[in-house]
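The values are calculated or read from the model by the stated rules, or taken from the named source; none is laboratory data. From a predicted model like this one, the values you see are computed outputs, not experimental measurements. Cβ atoms come from the backbone with ideal geometry, glycine included; neighbour counts cover every protein chain shown. Note: areas computed on protein heavy atoms with side chains; ligands, DNA, RNA excluded. Shrake-Rupley method; radii C 1.70, N 1.55, O 1.52, S 1.80 Å.
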Amino acid sequence: MSVVAASVLGLGLGLKHAFEADHVAAVCTFVARGGTVARAAWSGALWGLGHGAVMVLVGGALVASGATVPPSIALALDIAVAVMLVGLGIGALVSRRQKVAEDGAPPKTVKRPLLVGLVHGASGTAALTLLVASTMQARTAALVFVGVFGLASVIGMALIAALVAWPMRSLTRVAPSLGPRLQALAGLGSIAAGIAVAATVI
């Protein structure tokens, strides 16, 4: 496969990967806490940055060396993602009554999305991407694929966060009482996603 073809494939799969249910659920817990659409997009981009960093650094090293992730470690990482999603959901439910000013920042705005992205980037769903890369005969094309995939994750998650935040902010301006309810809904969605991930790997 040529470098150009690998780039196009990485872009398409990276954007598609960003829209997976567990990723969207995690980002929604950040967006539901309040703030501007731009801040929501920034949180999504941070998630994608954490995800992409693991994919590019660890994934690139695995592709370059031809090594694979042991099944036991892959399982542990998937379980970590499930636990994290449930934890994010519970956190959203607990803090749903806390209001954030329109121009303010929720606590841990930078650290939390970045850490969540790091965990997601190391999980088994991301490992499937490395499987695709490992089928490419040319190492250069495989590494380009991984790099573009990581970049597409940043773009995709920023886009998702902005698309979720835009109508959410409009609704809460019209009916401020909907804010805590939307946050509770995001929390429940994250818990459901975590249970679904656990059910698929256990």
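Backbone phi angles across the stretch 87-94, fed through the Karplus curve with coefficients 6.51, -1.76 and 1.60 (θ = phi - 60°), yield HN-Hα couplings of x, 4, x, 5, x, 5, 5, 5 Hz in residue order; Gly and Pro are listed as x.
Summing +1 for each Lys or Arg and -1 for each Asp or Glu, what net charge is found among the other residues whose Cβ lies under 15 Å from the Cβ of ALA196? Write out the running numbers ahead of the final one.
On the way: positive: none; negative: GLU20, ASP22, ASP78.
Surrounding charge for ALA196 is -3.
When you count the other C-beta atoms within 10 angstrom of each residue and take the mean per peptide, 184-190, 51-57 line up highest first as 51-57, 184-190.
When all protein chains stay in place and ligands, DNA and RNA are ignored, the 1.4 Å accessible-area order of ARG139, ARG181, largest first, is ARG181, ARG139. In order along the stretch 39-56, phi translates into HN-Hα couplings of 5, 5, 4, 5, 4, x, 5, 5, 4, x, 5, x, 4, x, 4, 5, 4, 6 Hz, rounded to whole numbers, per the Karplus curve 6.51 cos²θ - 1.76 cosθ + 1.60 with θ = phi - 60° and x for Gly and Pro.
Once the mean 1/r over all distinct Cα pairs of the stretch 1-63 is inverted, what Kirkwood radius in angstroms do you read off?
Values: mean 1/r = 0.0755 Å⁻¹.
In the stretch 1-63 this quantity evaluates to 13.2 Å.
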